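Worksheet: one structure, shown below.
The values are calculated or read from the model by the stated rules, or taken from the named source; none is laboratory data. No experiment lies behind these values; they were computed from the predicted model shown. Using ideal geometry, Cβ is built from the backbone for each residue, glycine included, and neighbour counts are taken over all protein chains shown.
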Amino acid sequence: MEFKIGLIHGDGIGPEIVNEAQKVLDAVSERYGHTFNYSKLLLGGASIDATGYPLTEETIAEAKTCDAVLMGSIGGDAKTSPWYQLEPSRRPEAGLLAIRKALNLFANLRPAYLYNELRAACPLRDEIIGEQGFDMIIVRELTGGLYFGERETKVVDGVQTAVDSLSYNENEIRRIAKQAFEIAMKRRKKVTEVDKANVLDSSRLWRKITAEVAAEYPEVTYENMLVDNCAMQLVRDPKQFDVILTENMFGDILSDEASMVTGSIGMLSSASLNESSFGLYEPSHGSAPDIAGMNIANPIATILSAAMMLRYSLNLTKEADAIEAAVQQVLTDGYRTGDIYSDGMKKCTTSEMGDAIVGALK
Ligand code: NAD
């Protein structure tokens, strides 16, 4: 089959890790007889350097012609990069928020999976990790809530005052809830809806609407949890979670916590989907400017993001399985980039890790 894939190389380590993911995609196309046509897209700092803006209409229009987009991370060092001298709406991260909105990417999926080979990197005690480790996915609403609400800073009675408003309508909640339940059906069939329903009206609406959606999925166990409790449970007993469904800001915070709990940020993929099968796929980590250009970054999060892209946007399930199995194989064989290295393992560079995964695929 033939597909068009947008590639955003991005900033910092972005170009290095996207190159490795492309190598892996090329190996998949060779092995399974597909054609992947790539289109290079500009976003973030690279786009500012080329056009003065972190996102252009041209990038949005070209992305819409693709079946999916794979991206490295964007952004630079806020203390030293000239991008951060620009006003906030012209900085790299503004481009990312804007492309999510422009492509209507309302569903953010962030798996947090502990590989048995990397248990030593997990900061939790062995008895908490348990025999089988943990394997959860956070489904975060991405285009509503506090980050997209009305905001204002003003002086009230001589006192500086800032307001950010948090609003959701039932349609926004229902469509993300459906995504979460569909994903749960393909996993261990449990959804934990996370909110602050003891305080917030928006959270009470989340509970009401997600309960309605849950009724359509009788096979899925559905539970509600307050966000403060969830933050504790993620370090107390992460095994209990399968799919965590939550709103934008809670998801932002909890997904970073869940990724830290695995101990290896360089391993974690993510996807942002719209209502059709289109998605933007990227590692969960940032552009790591401190190690950019050194060929030492871990490319696995980006390679696993490419696997998610095959699974969710291109519907190539066995090809996605093959990439995930190849990653598992190289870990079992002892290959480690610096961030996941431990004594006795085979320390490798970014490109050597990509080559090893290509080798395992073949
Ligand atoms: P970061 O994730 O880039 O780096 C945090 C630490 O983890 C650094 O020490 C880095 O070297 C290390 N690290 C990250 N990814 C790694 C990898 N693949 N292999 C090995 N080590 C890795 O977070 P930060 O330093 O807070 O942010 C740097 C820049 O990235 C900022 O401009 C930030 O805005 C941006 N950022 C972008 C995204 C995105 O594109 N979606 C997400 C988060 C941060």
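Taking G344 as the residue in question, decide whether it is in a loop (DSSP other than H, G, I, E, B), on the phi > 0 side of the Ramachandran plot and modelled with pLDDT under 95. Yes: the conditions hold for G344.
Scanning the stretch 182-194 for residues that are free of Cβ contacts under 8 Å to residues at least 40 places away in the same chain and assigned to a helix (DSSP H, G or I) returns E182, M185.
Against the definition (within 10 Å of the ligand (Cβ to nearest atom) and either surrounded by fewer than 22 Cβ atoms within 10 Å (Cβ to Cβ) or over 19 Å from D135 (Cα atoms) (or both)), how does M267 come out, yes or no? No: the conditions fail for M267.
Of the residues making up the stretch 93-111, those that are within 15 Å of the ligand (Cβ to nearest atom) and either touching a helix residue (DSSP H, G or I) at 6+ places or on another chain (Cβ under 9 Å) or β-branched (V, I, T) (or both) number 11.
Per the conditions (1) over 22 Å from A121 (Cβ atoms); (2) part of a loop (DSSP other than H, G, I, E, B), the sole criterion not satisfied by A322 is (2). When residues in the stretch 325-338 are screened for being assigned to a loop (DSSP other than H, G, I, E, B) and surrounded by fewer than 21 Cβ atoms within 10 Å (Cβ to Cβ), 2 of them pass.
Applying the selection to the stretch 281-318, what residues are under 20 Å from R140 (Cβ atoms) and either without any contact (Cβ under 8 Å) to a residue 24 or more places away in the chain or within 10 Å of the ligand (Cβ to nearest atom) (or both)? Of everything in the stretch 281-318, those that are under 20 Å from R140 (Cβ atoms) and either without any contact (Cβ under 8 Å) to a residue 24 or more places away in the chain or within 10 Å of the ligand (Cβ to nearest atom) (or both) turn out to be E282, P283, S284, H285, G286, A301, T302, R311.
When the residues of the stretch 248-264 are filtered to those that are within 12 Å of the ligand (Cβ to nearest atom), of a type outside the set (G, A, S) and in contact (Cβ under 8 Å) with a residue 40 or more places away in the chain, the one that is farthest from K347 (Cα to Cα) is D252.
For the stretch 148-177, a tally of residues being under 17 Å from N104 (Cβ atoms) and of a type in the set (A, V, I, L, M, F, W, C) returns 4.
When M249, M225 are checked against the criterion of being in contact with a strand residue (DSSP E or B) (Cβ under 8 Å, 6 or more places away or on another chain), surrounded by fewer than 21 Cβ atoms within 10 Å (Cβ to Cβ), of a type outside the set (D, E) and closer than 30 Å to G149 by Cβ, M225 stands alone in meeting it. For the stretch 129-161, a residue qualifies if it is in contact with an Asp or Glu (Cβ under 7 Å, 6 or more places away or on another chain) and farther than 20 Å from V191 by Cα, and the qualifying residues are G144, G145, L146, G149, R151. Return the residues of the stretch 215-260 that are assigned to a helix (DSSP H, G or I) and over 23 Å from S202 (Cβ atoms); say none if nothing qualifies. Scanning the stretch 215-260 gives V235, R236, P238, K239, Q240, S259, M260. In a residue-by-residue description of the stretch 39-59, the property of being more than 19 Å from the chain's Cα centre (by Cα), within 21 Å of L268 (Cα to Cα) and basic (K, R) applies to no position.
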